[in-house]
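The values are calculated or read from the model by the stated rules, or taken from the named source; none is laboratory data. Owing to the predicted nature of the structure, the values given are computational and were not obtained by experimental measurement. Methodologically, a virtual Cβ is constructed for each residue, glycine included, from the backbone with ideal geometry; neighbour enumeration extends over all protein chains shown. For the accessible areas, the whole protein counts, side chains as well, though only heavy atoms, and no ligand, DNA or RNA atoms are used. Shrake-Rupley method; radii C 1.70, N 1.55, O 1.52, S 1.80 Å.
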Amino acid sequence: MRVATSVIEIINPATQQKVGEVPIYDRAQVQAAVESARKAQGAWAAYSFRRRAQVLYRYRDLLIDNKERIADVLTGETGKPRGDVYTVELFYLCDSIGFWASRARKLLANQKIRPHLLKNKSVYSSYLPIGVVGIIGAWNFPLNLTIGDAIPALMAGNSVVIKPSEVTPLSALLAAELAAAAGFPPGVLQVITGRGETGAHLVDFADMIHFTGSIATGTKVAERAARALKPVTLELGGKDPMIVLRDADLDRAANAAVWGALVNSGQVCVSVERVYVEEPVYQEFVNRVVRLVKGLRQGSSEADIDIGAMTFPPQVEKVERHVADAIAHGAKVLTGGRRNSRLPGLFYEPTVLIDVDHSMKALREETFGPLLPIMKVRDEEEAIRLANDSVYGLSASVWTKDIARGRALAHRLESGGVCVNDCLVHYLTIDAPMGGRKQSGLGRRHGPEGIRKYCHQQTIVVDRFGMKTELLWYPWSPFKTRLFSRVLNLLFRSGWKKRFFG
Ligand code: NAD
């Protein structure tokens, strides 16, 4: 991508051809976009859930009708295979539209609360839209990290302004065009384009920010939002460990490791980034993985391929740095380990590293590329210790035939999500909360929290009996003081009362 003053050129990473250009929104333009979103939000929030869902279902029809066009744009800006577009992008997006459209009303229904003490009050809690939600996305899944995350915000009655990555803004722009055709009122769903500065302006003007990206940028976003005490959710990087125990099904584990580490050229937040294998099955596991990786086909998204191009030029350089650093510290490359010189674009060969340890960047920093480092461990204790030896805590996986043991180990992993005998699929299980611990993020997408986070929670307390006065109200008297002193003794001294009042 060439740096220009007022536009950004978008380059196909597989062919190095220009595929489009987008304007850079300045501060005033971002403010205007948020203001028009704010004006539109009230009427949108006044729609019933059913009416909002109808717009979303029309939108889904249009996405399906235009899937070839969307796939052309997405493969063009990312270099990923068409199959990845249909599955991880479009399938996810269409499924999430149905999921939120059909469940939002129930998930955001008023919740009746039975007060344990003030029995003369009726209490409920309600979810109200926050207003204008700003969504800032990364480049690895340009549709589902923008429009995908907007769906629950929209179903909750918010308007949304999206700032996609400057590397891959074209698919989000196309999706916004289709949204207008689907009948979203003007202003309710907008896409603005630009680099980090445009994102920073959006943080200043929106009422809430949902951010996906690196820890470094996420920290800046959180600091900026904190100045106005604005809510943020942060979906950040990962260094996901995979633990293969001696009783694992090695065929399944090897197949999963290869797909989990290399899908989307390894540019997935929940990629398998490091594998720890118990000594007795280590060699057998490595042999299987290498055999599978050598059979993968890499190429342009138009061909019949397994692995496409990488998307972002600096990312290829990062993979090169991690491999060089690992080799300098004693690692061995079993396959790959270099750019693919047979292809013109940003292609790095799928790579397997062994003889690795935690002195190496490839085991400590997020690589976000087609790299699979495999480390031999003595036993599960060593595997757990190494898996937790990380600033990241996004997700992890454990591989064993003993499910109870797998679950027990999962709870010991400092990670927002853990799969047992599977990997990555927790991202697609949108019924369940998904997000990171440690520096991998704050807040959750998916599950009930995935829509409630886009709301203000409001508690309503209604008096039931309409008495002229209440015990707590003025005037204060010696009688009332004595009464409360006795009530304290009665209610909170240990004894039989505990059973009734907790
Ligand atoms: P990035 O942090 O460089 O950029 C993300 C977005 O932030 C871009 O739209 C960018 O323009 C914007 N931005 C940059 N500076 C900003 C600022 N000061 N204020 C506001 N916005 C700003 O990340 P990236 O390289 O696009 O994405 C890769 C990272 O995203 C990886 O670390 C990956 O693990 C992470 N990721 C996480 C998840 C998850 O769910 N946890 C999902 C996908 C990607």
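Report the one residue of Val73, Pro186, Ala138 whose Cα lies farthest in the direction of the positive end of the charge dipole of the stretch 7-235 (charges on C-beta: Lys and Arg +1, Asp and Glu -1; origin at the Cα centre). Sorting the options by dipole projection puts first Pro186. Among beta bridges from DSSP that stay inside the stretch 7-235, the antiparallel ones total about 35%. Taking all C-alpha pairs of the stretch 7-235, those more than 24 Å from each other amount to 45 percent. Measuring r between the beta carbons of Val123 and Met467 and using R0 = 22 Å, the FRET efficiency lands at 0.80. When only alpha carbons are used to place a centre, the stretch 114-132 and the stretch 162-226 end up 32 Å from one another. Estimated from helices alone, the mean residue ellipticity of the chain at 222 nm is -12500 deg cm²/dmol (sum of -39500 (n - 2.57) over DSSP H runs with n ≥ 4, per residue). The stretch 25-52 and the stretch 443-497 have their alpha-carbon centroids 37 Å apart.
Dimensions of the stretch 227-373 based on its C-alpha atoms, expressed as ranges along the principal axes with the largest first, amount to 55, 37, 31 Å.
Here the peptides 137-144, 120-127, 170-177 are ranked by packing, the mean other Cβ count within 10 Å, and the order with the highest first is 137-144, 170-177, 120-127. Using every pair of distinct Cα positions in the chain, the Kirkwood expression returns a hydrodynamic radius of 24.8 angstrom.
Rounded to the nearest 20, the Cβ-based charge dipole of the chain about its Cα centre (Lys and Arg +1, Asp and Glu -1) stands at 3020 debye. Summary of packing: across the peptides 471-477, 243-249, 205-211, the per-residue average of other C-beta atoms within 10 Å ranks them, highest first, as 205-211, 243-249, 471-477. Based on protein heavy atoms only, the stretch 370-494 ends up with 57 Å² per residue of surface accessible to a 1.4 Å probe. Sorting Glu68, Glu302, Glu77 by solvent-accessible area of protein heavy atoms yields Glu302, Glu68, Glu77, largest first, with a 1.4 Å probe. Starting from the stretch 362-441, pick out the trypsin sites (Lys or Arg not before Pro) whose DSSP state is loop and whose Cβ has at most 13 other Cβ atoms within 10 Å. Those that pass, being in a loop and sparsely packed, are Arg378, Lys401.
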